[in-house]
Amino acid sequence: MSEDQIRSIGNDWNEFINIGDIDSIVALYAEDGQFLIPGRPAIVGTDAIRSAWQGLLAMPGFGLVLTPEEVIVDGTLAMDRGTYRLSATPPEGDFVDTGKYLVAWQRTAAGWRVRADMINSDSAPG
């Protein structure tokens, strides 16, 4: 398995986000995968991950772009590190958040699946 495969899946992920394809987004995660976002406990399992992504995608004017900077593949594990840009236009005012992400992938019989997906905002809390 190669770095190109992980980058290709990342490109697909961006497309799934752009078209709001929640089923394809959730299918990227392992059944017991984790979505780790600031200010919340770990979001574990496909049902909880689906709910979290549905909330994100439902935000007015939601936009998210993931930009990979480094991908390392070693056997059945891979690491994808990069940056993100999140934007939305809720009634309380437009906002943009930029930050870093780190995705741990595991190759399974069904293909590469996300074991952990963590984001870290560049903005200071509060």
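Test of understanding: among Ala42, Ala58, Ala110, which residue is in contact with a Leu (Cβ under 6 Å, 6 or more places away or on another chain), farther than 14 Å from Arg7 by Cα, without any contact (Cβ under 8 Å) to a residue 24 or more places away in the chain and exposed (fewer than 15 other Cβ atoms within 10 Å of the Cβ)?
It is Ala42.
Tally time: how many residues in region 1-33 are part of a strand (DSSP E or B) and crowded, with 19+ Cβ neighbours inside 10 Å? Break it down stepwise before answering.
Of all residues in region 1-33, those part of a strand (DSSP E or B) come to 29-33.
Add one more test, that the residue is crowded, with 19+ Cβ neighbours inside 10 Å, and what stays is 29-30, 33.
Residues meeting the conditions: 3.
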Checklist outcome for this item: Picking from Leu77, Leu57, Leu36, the residue that is within 19 Å of Asp122 (Cα to Cα) and of a type outside the set (Ser, Thr, Tyr) would be Leu36
Checklist entry - Of the residues Ala30, Ala48, which is in contact with a strand residue (DSSP E or B) (Cβ under 9 Å, 6 or more places away or on another chain) and farther than 25 Å from Asp4 by Cβ? => result Ala48
Checklist entry - Counting only residues that are touching a Pro at 6+ places or on another chain (Cβ under 8 Å) and within 20 Å of Gly20 (Cα to Cα), which one in region 83-95 is modelled with the lowest pLDDT? => result Pro90
Checklist entry - Within region 78-88, is there a residue that is out of contact with any Gly (no Cβ under 7 Å at 6 or more places or on another chain), under 20 Å from Ser8 (Cβ atoms), of a type in the set (A, V, I, L, M) and exposed (fewer than 11 other Cβ atoms within 10 Å of the Cβ)? => result no
Checklist entry - In this structure, does Arg50 turn out to be assigned to a helix (DSSP H, G or I), among the basic types (Lys, Arg) and in contact with a helix residue (DSSP H, G or I) (Cβ under 7 Å, 6 or more places away or on another chain)? => result yes
Checklist entry - Within region 72-88, can one find any residue that is more than 25 Å from Val44 (Cβ to Cβ) and touching a residue at least 12 places away in the same chain (Cβ under 8 Å)? => result yes
Checklist entry - Among the residues of region 65-82, is there at least one that is part of a loop (DSSP other than H, G, I, E, B), at pLDDT below 95, out of contact with any Leu (no Cβ under 6 Å at 6 or more places or on another chain) and under 20 Å from Ile25 (Cβ atoms)? => result no
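The values are calculated or read from the model by the stated rules, or taken from the named source; none is laboratory data. Just so it is clear, the structure is predicted and the values come from calculations on it, not from any experiment. Please note: Cβ atoms are built from the backbone with ideal geometry, for glycine as well, and neighbour counts cover all protein chains shown.
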